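Q: Below: one structure in structure tokens.
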Amino acid sequence: MFFTPFLLAIHILFCLLYFKFLKRIFYEIARVANQFYFIKVCKMYFYGFLTLPILIGFVFFVIGFVYNVLAWYNFKEFNKSEFIKNQD
């Protein structure tokens, strides 16, 4: 077994805290850029970190990386109305 129960619990708590902050960043990028692939990137990276102890996480990391490349490739421009609302 790769982890003792104590280390597994710490790993899960770290993943939940990591997801909380990573989710805010990716959701903000998705909102401003109008690319909702970023939300899928966030979820795939979270699933990857969560399942990393059983070595399935690498598959989720690869899927997340593909979504990340798709999101930046399809990115055209920022939503200008979001900038106007935030400057008021």
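Q: Looking at this structure, is Val41 free of Cβ contacts under 8 Å to residues at least 60 places away in the same chain and within 20 Å of Phe61 (Cβ to Cβ)?
A: Considered against the rule, which asks whether it is free of Cβ contacts under 8 Å to residues at least 60 places away in the same chain and within 20 Å of Phe61 (Cβ to Cβ), Val41 comes out as yes.
Q: Give Phe78, Phe21 a once-over and let me know the one that is part of a helix (DSSP H, G or I) and either at pLDDT below 80 or under 11 Å from the mean Cα position of the chain (by Cα) (or both).
A: Residue meeting the stated conditions: Phe21.
Q: Still on this structure, I have one more. Out of the stretch 32-56, which residues are assigned to a helix (DSSP H, G or I) and open to solvent by 80 Å² or more (accessible area, probe 1.4 Å)?
A: Those that are assigned to a helix (DSSP H, G or I) and open to solvent by 80 Å² or more (accessible area, probe 1.4 Å): Lys40, Lys43, Tyr47, Ile54.
Q: Taking the stretch 1-42 only, how many residues are among the hydroxyl-bearing types (Ser, Thr, Tyr) and over 17 Å from Tyr67 (Cα atoms)?
A: The total comes to 2.
Q: Return the total of residues in the stretch 4-18 being surrounded by 14 or more Cβ atoms within 10 Å (Cβ to Cβ) and part of a loop (DSSP other than H, G, I, E, B).
A: Count: 0.
Q: Assuming Ile25 fulfils every condition listed in (1) out of contact with any Leu (no Cβ under 7 Å at 6 or more places or on another chain); (2) under 20 Å from Leu13 (Cβ atoms); (3) without any contact (Cβ under 8 Å) to a residue 24 or more places away in the chain; (4) surrounded by 14 or more Cβ atoms within 10 Å (Cβ to Cβ) apart from one, which condition is it?
A: Single failed check for Ile25: (4).
The values are calculated or read from the model by the stated rules, or taken from the named source; none is laboratory data. The model shown is predicted, which means the values in this text are computed figures rather than measured ones. Neighbour counts run over all protein chains shown; Cβ positions are idealised from the backbone, glycine included. The protein model used for the area step is the full one, side chains on, heavy atoms only, and it has no ligands, DNA or RNA in it. Shrake-Rupley method; radii C 1.70, N 1.55, O 1.52, S 1.80 Å.
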